[in-house]
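J.: What follows is a single structure, and I will ask about it in a moment.
The values are calculated or read from the model by the stated rules, or taken from the named source; none is laboratory data. Since we're looking at a predicted model, the values are computed, not measured. As a convention, Cβ positions derive from the backbone with ideal geometry for all residues, glycine included, and neighbour counts pool all protein chains shown. The accessibility values were calculated without ligands, DNA or RNA, using every heavy atom of the protein model including side chains. Shrake-Rupley method; radii C 1.70, N 1.55, O 1.52, S 1.80 Å.
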Amino acid sequence: MNVTEKAQEFITESENSLHNGSFVKLSLGNYHGTDESLKNVYIKKVLIKKEPRLSLAYRHKTRDITKNHTFEEVTEMLKQWLGTEFRVATLQTTDSDILFEMHPSGKATLKKKAVANREAPALSHDKNKNRLISPADKGYLFDLKITDQQGNVFHNAQDKFRQINHYIDILSSLIREIDPGKAVRVADMGSGKGYLTFALYDYLKNVLKLDPQVTGIEFREDLVTLCNQIAQNAGFAGLSFREGTIDQFDATGTNILIALHACDTATDDAIFKGIEAKSDLIVVAPCCHKQIRRQIEKHRTENDVSFLTRHGIFLERQAEMVTDGIRALVLEYFGYKTKVFEFISDAHTPKNVLIVGTRGSRNEKSQAAALEKIREAKRFFGIEYHHLERLAGI
Ligand SMILES: C[S@@+](CC[C@H](N)C(=O)[O-])C[C@H]1O[C@@H](n2cnc3c(N)ncnc32)[C@H](O)[C@@H]1O
């Protein structure tokens, strides 16, 4: 029992690091399986035909054999291997070392140690193609002032360009979890200057070779005009930007709904549009969390964490976690599987949490459980209503 739990925790840490880009490498050792010559397996992330994969180096006594697999295949392998064939596993991420160990007593342990200044390696394999979005021949990157006309990334845009690629890296693995063929109608709510909207369209159209319809929704007219002009210059016929508010947008038929840093309850409006449209994938990076913070502050409920939340900064963090935790519960109520993880280092922005919902099926038992948790959370923190809960009418 303890082994399965610890192994699952290790697998979850691995999956999170793969999704949020902090994965460095994973090693398996202390082999007890049937292959007499096998000693270790070393796993690293690679790009194959621009798709992220995991490369497994099987180290035998006298030779190495390398095989490539998808993330999902490796998750299944780890489930089979941990604690049985391999008794030790180490995951290195950019911020920690995580050690799974199965002891002779039959008990398993998981140890996590923080590390500093470790970078994720550049992806190897397809040499010179280690970015899903390459800067060469990309008129839109020039128009967005990321590159010069020759495709050289400007010095002051290096960070932005890395972020764009990191974002596409994360989305590409999320898209693989749904049927990639479904990634056709995409809405990017609060698209701003469109950096990520353009990159996503480029990835879907030119890397995945789909025929996507991507729409950016933005209430600033100047940005909509600018982005439509750039899309036209780039010949991106399936990409358009519309002026308007998120809550007014008709999202019918949207397969993938994205909202990155849409302010306060605009994130709830976006999530609800995705739920209504039965989108396969909903990806939001919340911005500020004023609606819930105001209510928590107003009621100042005495609870077990009042000793923390009398400090403004902890109150702020609590408001963030409660707002986003309830968002995840509402998604679960509607049958979505959820993941919440940090998607860029907080050195770039403190607004770095990504909430991901992948559409599954609803069942009464889990709906009732999600509702109960929402009610409990509201009671505990003194919240009258959560904007998303009100939109959803639950
Ligand atoms: C912080 S920017 C983020 C832009 C882009 N998503 C990104 O991550 O680079 C948020 C954008 O959302 C727009 N916005 C905020 N609330 C909105 C709403 N309710 N409807 C439409 N646009 C909204 C703002 O005008 C702004 O351009």
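J.: Pop out the carbon and sulfur fraction of the accessible area of segment 246-370 as a percent, whole number, probe 1.4 Å. Mind dumping the intermediate values first?
T.: Details: 3020 of 5860 Å².
Solvent-exposed carbon and sulfur of segment 246-370 make up 52 percent of the total.
J.: Over the chain, give the accessible area per residue in Å² for a 1.4 Å probe, as an integer. Don't skip to the end; give the middle numbers.
T.: Details: 19610 Å² over 394 residues.
Heavy-atom accessible area per residue stands at 50 Å².
J.: Oh, and also: Positive end of the charge dipole of the chain (Lys, Arg +1 and Asp, Glu -1 on Cβ, about the Cα centre): tell me which of Gly192, Val356, Thr265 has its Cα farthest that way.
T.: Val356
J.: Is the shape of segment 263-308 best called rounded, prolate or oblate, per the rule: a/c under 1.5 gives rounded, else a/b larger than b/c gives prolate, else oblate, with a ≥ b ≥ c the square roots of the Cα gyration tensor eigenvalues? Write out the running numbers ahead of the final one.
T.: Working: a/c = 3.07, a/b = 2.64, b/c = 1.16.
Judged from the Cα gyration tensor, segment 263-308 comes out prolate (a/c at least 1.5, a/b above b/c).
J.: Only bridges whose two residues both fall in the chain count here: according to DSSP, what percent of them are antiparallel, nearest 5? Present the calculation step by step, with values, prior to reporting the outcome.
T.: On the way: 50 of 72 bridges.
In the chain, DSSP labels about 70 percent of beta bridges as antiparallel.
J.: For segment 2-114, which whole percent of the accessible surface, found with a 1.4 angstrom probe, sits on carbon and sulfur atoms? Each step should come with its number before you reach the end.
T.: Working: 2730 of 5640 Å².
Of the solvent-accessible surface of segment 2-114, carbon and sulfur hold 48 percent.
J.: With labels modelled as points extended 7 Å from the Cα through the Cβ direction, what inter-label distance (nm, one decimal) is found for Thr34 paired with Val340?
T.: 4.4
J.: Would you mind calculating the gained length between Lys373 and Thr12 on full extension (0.36 nm times residue separation, minus the Cα-Cα distance), in nm to one decimal?
T.: Going from the current span to full extension adds 127.7 nm.
J.: Is the shape of segment 2-114 rounded, prolate or oblate, going by the alpha carbon gyration tensor and its root eigenvalues a ≥ b ≥ c, with a/c under 1.5 for rounded and a/b larger than b/c for prolate? Please list the in-between numbers first.
T.: On the way: a/c = 1.83, a/b = 1.11, b/c = 1.64.
Judged from the Cα gyration tensor, segment 2-114 comes out oblate (a/c at least 1.5, b/c at or above a/b).
J.: Summing Lys, Arg as +1 and Asp, Glu as -1, what charge do residues with Cβ under 15 Å from the Cβ of Ser361 carry, Ser361 excluded? Don't skip to the answer; put the middle values down first.
T.: Working: positive: Lys278, Lys337, Arg359, Arg362, Lys365; negative: Asp280, Glu332, Glu364.
Residues near Ser361 contribute +2 overall.
J.: Before anything else, pin down the relative contact order of segment 227-278: Cα pairs under 8 Å, at least 6 apart, normalised by residue count, whole percent. Don't jump to the answer; show the numbers that get you there.
T.: Working: 35 pairs, mean separation 18.1, N = 52.
Value for segment 227-278: 35 percent.
J.: For segment 153-309, just say rounded, prolate or oblate: build the C-alpha gyration tensor, square-root its eigenvalues into a ≥ b ≥ c, call rounded for a/c under 1.5, and beyond that prolate if a/b exceeds b/c, oblate if not. Working shown, then result.
T.: Working: a/c = 1.80, a/b = 1.70, b/c = 1.06.
The shape class here is prolate.
J.: Relative contact order for segment 2-114 using alpha-carbon pairs under 8 Å, separation at least 6, rounded to a whole percent?
T.: Numbers: 213 pairs, mean separation 33.1, N = 113.
Averaging sequence separation for qualifying contacts and normalising by length gives 29 percent for segment 2-114.
J.: Taking R0 as 22 Å, what FRET efficiency do you get between Thr66 and Val207 from their Cβ-Cβ distance, rounded to the nearest 0.05?
T.: On the way: r = 24 Å, r/R0 = 1.08.
According to the calculation, E is roughly 0.40.
J.: Excluding same-chain residues fewer than 8 positions from Lys138, which lysines have a Cα within less than 18 Å of its Cα?
T.: Straight-line reach from Lys138, under 18 Å: Lys50, Lys129, Lys160, Lys193, Lys205, Lys209.
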